[in-house]
Amino acid sequence: GQLIFWLVILFLTCVLFSECFRYSFLFIMSIHIYSTILWKTLKATSFILLS
């Protein structure tokens, strides 16, 4: 009975960590994409303003 208990705990921990990892990965990716878009927009805007 003890072994089953620890296996369930281990399984839940793995699921939890993979979920957290996936969400943090998505979060980092969206920040990266957003900053890239922002950077390109700023460059384009300054190019238009300076020309």
Report task. Report, in degrees rounded to the nearest 10, the 0 to 90 angle that the Cα long axis of helix 2-50 makes with the longest principal axis of the chain. Result -> 0
Query raised in the report: Averaged over all directions, how much area does the convex hull of the C-alpha atoms of the chain cover when projected, in nm²?
Result: 2.8
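Once you have the Cα-Cα distance between ILE28 and LEU10, take 0.36 nm times their residue separation minus that, and quote the gain in nm to one decimal. Don't jump to the answer; show the numbers that get you there.
Details: separation 18, 0.36 × 18 = 6.48 nm, distance 2.65 nm.
So the extension gain works out to 3.8 nm.
Since every read-out is calculated from the coordinates, none of them should be taken as a lab result. Keep in mind it's a predicted model, so treat the numbers as computed, not measured.
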